[in-house]
Amino acid sequence: MKKSKIISLFIFLSIISSLSAKPKEKKQKESFQDDSILEVTLDEKEKETEKLEEEVKTEPDMTLFANWKKVPNRKVDKTFGKIRLRVLPKRGSFNIGIVNGEGKTNCVTSNMNEYTTTYFSLKAGKKIYKLTAGADIKTKARALDNKVQIIYSVDEVADVLVEFTPLESSEDKGFDILKISASVRNTSKKAVDFALKNVMDTVLGEADLYHFYTAEDVPVRNEVILRTMSQSKFFTSKNPAAWCQFMLYGADISQTDVVALANFATADSSSWDPEMSSFRTFDTVTAYNNSAVEILWPEEKLAKDKSFCKLYYLAFASDGERPAGDTFIAALDEKLNASEEVKDKTENVKVSKGKKDSGAKKIPEAKKESTDSDDEAEDIEDSELEEVEEPVKEPTKPSKPAKKNPPEPKPVEKTEPEKDPEDDLDEFTIPKELLTPEYIQSLLDRIELLKVGDPSLNRDELKMLNDELDFILSIMRR
């Protein structure tokens, strides 16, 4: 009986242990299933976040208006150091100002008429589009941490992206340089000739005795048109409160076609090229004491979906300081030249290395071609070499005395007519790039610009420029 009781008790305990063990296995299985589901969901979330991060990193091409659909059309008012930028996206207009030490803004361009008197124009073929919001033009704008952008879309013609990027001339001055760039992208179905123009209704000089000054700080008293900026490089507009430099030559600045300092009524005409007569004052019947800057860039042909970019710089100062635009462009020019030199040296090293590698490969190939079995060929080559060397050695051996050659007749001296002193001018004494119509035009523009100022102050420079002009013209007439 005791044995049967013990056996039955053992069986009973084993049954209970088996029953208690099965639910644990189910729970473990369920927990494993839950963990696997959790791992799958975590992987999917990680993939989604990585995808979003990639989309943020690779921003779409913002030169296309189609990629601006999600950008809200809000008014922009952004300050970078000394620079204040205001944009009205619904009008496509903008205003540039200089912020002084007290936080007060001095406008560089007019803030009247919703800023519409300062604008870009696009020429497509023979048609001209003034880039402000209208029936054929859509506009949008946005402010980023490091720039302000405005885009204009001319339906089935082109998209134009204008960017205002603040820069520092030095670390201690903060943002005092403004890079202005305009990119044109052909959105039509064929190749088109495009050109850009920028009209700026300037106001700083209207509060001063003169509207503009040359790089040498000579006042510009009348309207001036400049065909090249290679001599002038920049000009300024200023008053006692603020100062702005227009940097239009050097470094990566785009080459201009025409630059005009004129009355606003002259610059804001319906024609593409500025219609102005020399030495006219900045005052007209319709616009008194109203100056403007008009910048035109050369025309370029663009194929479908192709683009080009034009850029220049503005430099700002206030509180009695002078803008550092000229030193900034000079430093930038040096950096660009240095990088070009490094690039050229790198390419030369690659070319020379390639030549060495190609030469090294040819040597073993030549050795492989020659074999020990070609004895006859080697004998022929040796005999040929001996035959070639023999005539060279013959003159060194003692031989009969050489016959003296008869004396050669002396050449008859040609008598040349005496040269005129002016014939001493040689075109090789000056570089060829100075014997071009463009350089001559730059000299003429510079002479006219100095004549507009006080000729008595610029007498020496005027004489030097006139002498150089006479010298070049005398060479070209030869």
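The values are calculated or read from the model by the stated rules, or taken from the named source; none is laboratory data. Since this is a predicted model, take the numbers as computed values, not measurements. Every residue, glycine as well, gets a Cβ built from its backbone with ideal geometry; the counts of neighbours run over all protein chains shown. Please note that ligands, DNA and RNA were not included when accessible areas were found on the heavy atoms of the full protein model with its side chains. Shrake-Rupley method; radii C 1.70, N 1.55, O 1.52, S 1.80 Å.
Once the mean of 1/r is taken over each pair of separate Cα atoms and inverted, segment 99-208 shows a Kirkwood hydrodynamic radius of 16.0 Å.
Couplings 3J(HN,Hα) for segment 129-134, derived from phi with the Karplus relation 6.51 cos²θ - 1.76 cosθ + 1.60 (θ = phi - 60°), are 10, 7, 7, 9, 4, x Hz, where x marks Gly and Pro. For the peptides 158-165, 202-209, the ranking by mean Cβ contacts within 10 Å, running from highest to lowest, is 158-165, 202-209. Converting the Cα gyration tensor eigenvalues of segment 215-344 into ellipsoid dimensions via √(5λ) gives semi-axes, longest first, of 28, 22, 12 Å. Ligands, DNA and RNA excluded, the heavy atoms of Lys190 present near 140 Å² of accessible surface to a 1.4 Å solvent probe.
Near the amide H of Phe308, within less than 5 Å, lie the amide hydrogens of Val184, all on another chain or at least 5 residues away, with H placed in the peptide plane.
Convex hull volume of the Cα atoms of segment 156-259, normalised per residue: 143 Å³.
Solvent-accessible area per residue in segment 151-213 equals 35 Å², computed with a 1.4 angstrom probe and all protein chains kept. Scanning residues 5 or more positions from Cys107 or on other chains, those with amide H under 5 Å from its amide H are Ile98, with H placed 1.01 Å from N in the peptide plane. Among residues other than Phe234 with Cβ under 12 Å from its Cβ, the summed charge is -2 (Lys and Arg +1, Asp and Glu -1).
The packing ranking of peptides 325-336, 86-97, highest mean first, is 86-97, 325-336, where packing means the average number of other beta carbon atoms within 10 angstrom of each residue.
The spacing between segment 253-272 and segment 120-177, judged by their C-alpha centroids, is 18 Å.
Summing +1 for each Lys or Arg and -1 for each Asp or Glu among the other residues whose beta-carbon sits under 10 angstrom from that of Ile177 gives +1.
For the residue pairs Lys69/Lys238; Lys126/Lys304; Lys82/Lys310; Lys123/Lys238; Lys70/Lys147; Lys138/Lys197, the alpha carbons lie more than 28 Å apart in Lys69/Lys238; Lys123/Lys238. Taking the 1.4 Å solvent-accessible surface of segment 157-239 as the whole, the part contributed by carbon and sulfur is 47%.
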